[in-house]
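Enquirer: Please see the structure below; I have some questions.
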Amino acid sequence: MLVKTESRRHACLWLVGPSAMFATIIAIPSRCNAVAFSTRRRSIRPRCGGSVTGGFQVSEQLLPLPSRVASFYSTGFVSATAEIDSPSLVTSVRLVTDAVSLLSTANFAASRLGLDPTLNRFHAPIVNHERYSFNGWPPNHTFPMDKFDRTAHALTTTCKATHPNSSNLPRPLVRTPEHFFRPLDVPDVPRRWLAAPTGPIDSDFLDRFLSAGLSEEERRIIGFREQTSRPELIERTVLEVSGTVLACQLAAEHGIASNVAGGTHHAHSSGGAGYTILNDLAVAANFITDEVLNGGTVRGVRTALVIDCDVHQGDGTAKFGDLGDGRLATLSLHCASNYPQDKAKSTYDVGLPDGMKDDEYMEVLEESVNRAFDEVQPGFVLYDAGVDVFAGDKLGRLKLTEEGIRRRDRWVLERCVSEGLPVVAVVGGGYDKDIDALARRHAIVHEECAFVWRKYNLWEQ
């Protein structure tokens with residue numbers, strides 16, 4: 001697949017194959033003006049005839065994968081060490097010219113584009129990958145691994161006709177799964193997004209996790225124990241991080257976007273905890289505030305603000321601090337008595353009493369967010385819309401109703417958009433034996449993104 005990035009000196013086409021351990025970059029000097037990209041129309045127009053000349057290529061190591069994960073993907077990729085005039089690269093340039101449908105992914109780190117947002121008047125861009133969930137998860141495990149698949153299913157089926165007591169939608173929010181934006185598959189995810197020194201995650205921890213080499217104690221703290229080494233879990237962990245990054249690129253372009261997964265806020269730079277392993281919020285914040293890292297796909301963001309409304313404190317995100325130079329601020333609204341017992345120090349911590357209900361919650365939320373906006377002056381918001389604040393959640397201790405969750409989500413999202421701040425919503429925590437009911441609860445934030453999308457005609461922006 002192809003991903004395009006730009007810098008002041010070069011426009012780059014990243015040609016990465018399904019199982020490649022390296023990415024080939026065709027770097028075209030900007031003065032050549034060989035290819036013009038249209039962000040809105042998602043198309044390319046060659047401006048100089050013949051083959052591209054004067055280019056050069058570099059390689060970037062991708063994520064090392066256990067053989068069991070790598071075997072999920074077929075072979076066939078262009079060598080990162082090929083000469084510019086080699087047959088393989090000539091073939092790749094020909095593919096660049098011919099595969100217009102693939103090149104339409106050019107400003108986004110996507111393996112497949114969803115419904116064009118400029119033509120979509122019903123919902124904001126939504127990111128999903130069919131392998132966020134996987135088969136064979138222990139049926140009695142506390143963590144509901146199937147919820148991601150069921151949430152995607154709810155988004156493509158729930159409407160007034162199917163759920164008259166809980167939906168007013170005239171038709172399902174998403175007409176077909178092909179309308180979801182699909183993030184990069186694991187072999188195509190650039191290692192530098194995640195691993196230090198360019199990414200926020202300790203490289204040793206990352207490599208041991210990816211190679212199924214975490215200790216028994218590390219797996220216990222994460223909570224998945226022996227499941228932690230499963231290739232399916234390793235894959236979906238990276239996929240949801242990739243999904244939040246893609247959602248950030250979409251929000252930077254269109255104002256708002258959401259991910260059907262994400263919100264892994266207990267994971268810190270050198271370890272996981274509380275059913276989270278790699279912190280997508282920290283990776284995304286680092287990505288959107290570093291224009292070299294993001295290739296200019298997100299510009300002008302000095303500070304990202306995480307608004308974390310999961311019932312548990314976002315202690316892992318807090319431990320990333322400000323990413324060293326004021327690029328990250330964190331607001332955590334959580335039940336004070338709930339996990340984790342030892343709280344970290346966020347930029348803003350708001351501990352809530354057990355049993356808090358809708359109206360009291362909204363009062364504290366509005367005051368806290370308004371203060372953070374005034375003091376931080378963020379350029380981008382990452383919103384963790386955990387539904388474990390629900391009165392019936394088995395790991396929550398608050399008493400919000402589903403209507404209260406909807407009020408919360410709508411207020412946060414509209415507050416951001418009304419300020420001109422790009423916002424990405426991730427699903428966060430939620431625990432219920434009735435997975436379909438939980439999935440419909442998680443669908444609320446995507447429905448509220450759609451409400452704000454329509455209210456502000458964001459497809460026109």
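Enquirer: State which residue is nearest to K433 (Cα to Cα) when the search covers only the range 392-407 and only residues that are assigned to a helix (DSSP H, G or I) and open to solvent by 60 Å² or more (accessible area, probe 1.4 Å).
Expert: Selected residue: E402.
Enquirer: Test V381 against the stated conditions and say whether it is in contact (Cβ under 8 Å) with a residue 60 or more places away in the chain, part of a helix (DSSP H, G or I) and aliphatic (A, V, I, L, M).
Expert: No, not satisfied.
Enquirer: If you go through the range 120-148, how many residues are crowded, with 16+ Cβ neighbours inside 10 Å and either over 28 Å from T228 (Cβ atoms) or in contact with a Gly (Cβ under 9 Å, 6 or more places away or on another chain) (or both)?
Expert: Counting residues in the range 120-148 that are crowded, with 16+ Cβ neighbours inside 10 Å and either over 28 Å from T228 (Cβ atoms) or in contact with a Gly (Cβ under 9 Å, 6 or more places away or on another chain) (or both) gives 13.
Enquirer: To continue, here is another question. Kindly list the number of the only condition in (1) hydroxyl-bearing (S, T, Y); (2) more than 22 Å from D393 (Cα to Cα); (3) surrounded by 16 or more Cβ atoms within 10 Å (Cβ to Cβ) that fails for T151.
Expert: So the condition that T151 fails would be (2).
Enquirer: Moving to a separate point now. If you take the residues in the range 318-344 that are hydrophobic (A, V, I, L, M, F, W, C) and not in a loop (DSSP other than H, G, I, E, B), which one is farthest from L281 (Cα to Cα)?
Expert: Ranking the candidates gives C335 first.
Enquirer: Give the number of residues within the range 429-461 that are more than 20 Å from P117 (Cβ to Cβ), in contact with a Phe, Trp or Tyr (Cβ under 9 Å, 6 or more places away or on another chain) and not aliphatic (A, V, I, L, M).
Expert: Number satisfying all stated conditions: 6.
Enquirer: Taking the range 408-461 only, how many residues are modelled with pLDDT under 95, more than 21 Å from the chain's Cα centre (by Cα) and assigned to a helix (DSSP H, G or I)?
Expert: Of the residues in that region, 1 qualify.
Enquirer: Confirm whether V78 is at pLDDT below 50, over 27 Å from the mean Cα position of the chain (by Cα), buried (at least 17 other Cβ atoms within 10 Å of the Cβ) and part of a loop (DSSP other than H, G, I, E, B).
Expert: Yes.
Enquirer: Same structure again: Would you pick out the residues in the range 137-191 that are among the aliphatic types (A, V, I, L, M) and under 22 Å from R121 (Cα atoms)?
Expert: A152, A154, L155, A161, L169, L173, V174
Enquirer: Take the conditions assigned to a loop (DSSP other than H, G, I, E, B), touching a Cys at 6+ places or on another chain (Cβ under 8 Å) and touching a residue at least 40 places away in the same chain (Cβ under 8 Å) and apply them to V298. Does it pass?
Expert: Working: assigned to a loop (DSSP other than H, G, I, E, B): yes; touching a Cys at 6+ places or on another chain (Cβ under 8 Å): yes; touching a residue at least 40 places away in the same chain (Cβ under 8 Å): yes.
Judged against the criteria, V298 is a match.
Enquirer: In the range 430-461, what count of residues is obtained for those that are open to solvent by less than 10 Å² (accessible area, probe 1.4 Å) and either free of Cβ contacts under 8 Å to residues at least 24 places away in the same chain or touching a Leu at 6+ places or on another chain (Cβ under 7 Å) (or both)?
Expert: Number satisfying all stated conditions: 7.
Enquirer: For the range 275-294, which positions are surrounded by 22 or more Cβ atoms within 10 Å (Cβ to Cβ) and among the acidic types (D, E)?
Expert: Hit for the range 275-294 is D280, nothing else.
Enquirer: Only one of A195, A212, A252, A161 is in contact with a helix residue (DSSP H, G or I) (Cβ under 6 Å, 6 or more places away or on another chain) and open to solvent by 10 Å² or more (accessible area, probe 1.4 Å). Can you tell me which?
Expert: A212
Enquirer: Hey, another quick one. Here are some conditions: (1) out of contact with any His (no Cβ under 6 Å at 6 or more places or on another chain); (2) in contact (Cβ under 8 Å) with a residue 40 or more places away in the chain; (3) not polar (S, T, N, Q). H312 meets all but one. Which one does it not meet?
Expert: Only one criterion in (1) out of contact with any His (no Cβ under 6 Å at 6 or more places or on another chain); (2) in contact (Cβ under 8 Å) with a residue 40 or more places away in the chain; (3) not polar (S, T, N, Q) is unmet by H312, namely (1).
Enquirer: Looking at G243, G272, can you tell me which residue is open to solvent by less than 20 Å² (accessible area, probe 1.4 Å), modelled with pLDDT of 95 or more and out of contact with any strand residue (DSSP E or B) (no Cβ under 9 Å at 6 or more places or on another chain)?
Expert: Unique residue meeting the criteria: G272.
Enquirer: Another one. Consider H179 against the criteria (1) closer than 22 Å to V238 by Cβ; (2) surrounded by 17 or more Cβ atoms within 10 Å (Cβ to Cβ); (3) not basic (K, R): it satisfies all of them except one. Which criterion is unmet?
Expert: (1)
Enquirer: Going through the range 198-209 one residue at a time, which ones are within 28 Å of P340 (Cβ to Cβ), open to solvent by 40 Å² or more (accessible area, probe 1.4 Å) and not basic (K, R)?
Expert: Correct list: D202, S203, D204, D207.
Enquirer: For a quick check of your reading: which helices (runs of 4 or more DSSP H) sit entirely within the range 167-279 and have at least 3 residues that are under 16 Å from the mean Cα position of the chain (by Cα)?
Expert: The helices (runs of 4 or more DSSP H) meeting that bar are 191-194, 231-254.
Enquirer: I would also like to ask the following. Within the set of pairs 6 or more residues apart or between chains, which connect a residue that is under 17 Å from H268 (Cα atoms) and open to solvent by 20 Å² or more (accessible area, probe 1.4 Å) inside the range 222-235 to a residue that is in a helix (DSSP H, G or I) and modelled with pLDDT of 95 or more with Cβ atoms less than 9 Å apart?
Expert: Close Cβ pairs satisfying both conditions: none exist.
Enquirer: Against the condition open to solvent by 60 Å² or more (accessible area, probe 1.4 Å), in contact with a strand residue (DSSP E or B) (Cβ under 6 Å, 6 or more places away or on another chain) and of a type outside the set (D, E, K, R), how does T347 come out, does it pass?
Expert: yes
The values are calculated or read from the model by the stated rules, or taken from the named source; none is laboratory data. Owing to the predicted nature of the structure, the values given are computational and were not obtained by experimental measurement. Ideal geometry is used to build each Cβ from the backbone, glycine not excepted, and the neighbour counts take in all protein chains shown. Heads up: the accessible areas ignore ligands, DNA and RNA and are worked out on the full protein's heavy atoms, side chains in. Shrake-Rupley method; radii C 1.70, N 1.55, O 1.52, S 1.80 Å.
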